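Structure first, commentary second.
Rule-based calculations on the coordinates, nothing more; no lab input. Computed from a prediction, not measured in an experiment: that's the story for all the values here. As a convention, Cβ positions derive from the backbone with ideal geometry for all residues, glycine included, and neighbour counts pool all protein chains shown.
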Amino acid sequence: MRFALDVYRRLLAVQIRAQLQYPVAFALDLGGTALILIVEFGSLALILQRFEGIGGWSLVEVAFLYGMVEMAFNTMDMLFSGFDPPVFGRLVRQGQFDQLLLRPLGITLQVLGSRCETRRLGRVVQGGLIFMLAVGLVDVRWTLLKLVYLPVVFASVVSFFGGLFIIGSTITFWTVESIEAINVLTYGGHEMMTFPMTIYNDWLRRFFTFIVPAIFLNYYPALYFLDKPDPFNLPPFAPFLAPLAGGGILAAALAFWRFGIRHYASTGS
């Protein structure tokens, strides 16, 4: 394990040094991604301020949801970018994945360390600022359990979306090209989780509860942190299912990934 972590650290260091070779371009890229988030949230804030909230949630409470999801999703997008389905599909299509299989190093570690989108750091920081602003303005009665559970929720959201990226990449072993259905769950799920679940139709809410358990990763933990009542009357332990939902999706994705590798056939490129 220590050896694997050291190799992963070295792979990331190579990626970061390569991107810092052009510091002005890197700074502009970083600032650009942060600016996009500012514009997106600024537009949302203006709308919510006009209507005094959405689905029974105030602007500050929605900012709590928004900031957490932006921090976690973009952290995942930065660290798991090697598994981004369109990027990974290009590796498979061009035969470059075969080269990785020939190297004396774990294939999962190689793909994980093959790419690091550091420009996403701008959105991570901006998401963190929005989240901290929301925490400062909303009336949260912090307890020791809440303080301990907060980073667990963050890691669970990262694991959840990282697992979806891995599933999307594995599917490209058979399809070669990435499929849009995965983008619906990743980027679409990211957008969906920034709002309270009460605003969605029953069928969509059931899908993201019983099929893809995204509701337990941000919405229910937020109900717990903000001491808001549960409008769906799920069991009292529902806010604490984030580690199971996130870790379960990641574990299932890794098992599917191993299955895909065992049945991988080169494209012949």
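The phi-based Karplus calculation (6.51 cos²θ - 1.76 cosθ + 1.60; θ = phi - 60°) puts the 3J(HN,Hα) values of the range 55-63 at x, x, 10, 6, 4, 5, 5, 5, 4 Hz, whole numbers, x for Gly and Pro. If the chain linking ARG50 and TYR22 were pulled fully straight, counting 0.36 nm for each residue of separation and taking away their Cα-Cα distance, it would gain 5.8 nm.
Computed from Cα positions, the angle between helix 2-19 and the longest principal axis of the chain comes to roughly 90 degrees. The relative contact order of the range 2-262, computed from alpha carbon pairs under 8 Å that lie at least 6 residues apart in sequence, is 26 percent. Return one number: the angle in degrees, 0 to 90 and rounded to the nearest 10, between the long axis of the Cα atoms of helix 121-137 and the longest principal axis of the Cα atoms of the chain. That helix lies at roughly 20 degrees to the long axis.
Across the alpha-carbon set of the range 84-218, the Rg to Rh ratio works out to 1.04, Rh being the Kirkwood radius.
Each listed q (0.35 Å⁻¹) maps to a log10 I(q)/I(0) for the range 106-147, found by the Debye formula over equal Cα scatterers with no solvent: -1.06. Residue separation of ARG9 and ALA255 scaled by 0.36 nm, minus their Cα-Cα distance, works out to 86.2 nm of gained length.
What is the distance in Å between the Cα centres of the range 41-75 and the range 104-182? Cα centres, the range 41-75 to the range 104-182: 19 Å. Annotation: peptides 47-54, 141-148, ranked by per-residue average of other Cβ atoms within 10 Å with the highest first, follow the order 47-54, 141-148. Can you pull the percent of Cα pairs in the range 181-230 with separation above 17 Å? Tail fraction, whole percent: 30.
Remark on TRP57: its backbone amide H falls under 5 Å from none of the residues 5 or more positions apart or on other chains, H modelled at 1.01 Å from N. Across the chain, the volume of the C-alpha convex hull divided among the residues equals 146 Å³ per residue. Put in order of Cβ neighbour count within 10 Å, fewest first, the listed residues ASP227, ASP98, ASP202 become ASP202, ASP227, ASP98.
Taking each residue as 0.36 nm, the span from ARG103 to LEU150 lengthens on full extension beyond its C-alpha to C-alpha distance by 13.1 nm.
Estimated purely from DSSP H runs of n ≥ 4, each contributing -39500 (n - 2.57), the mean residue ellipticity at 222 nm for the chain is -22500 deg cm²/dmol once divided by its residues. Simple point charges give the picture: +1 on the Cβ of Lys and Arg, -1 on the Cβ of Asp and Glu, and for the chain a dipole about the Cα centre of about 800 debye.
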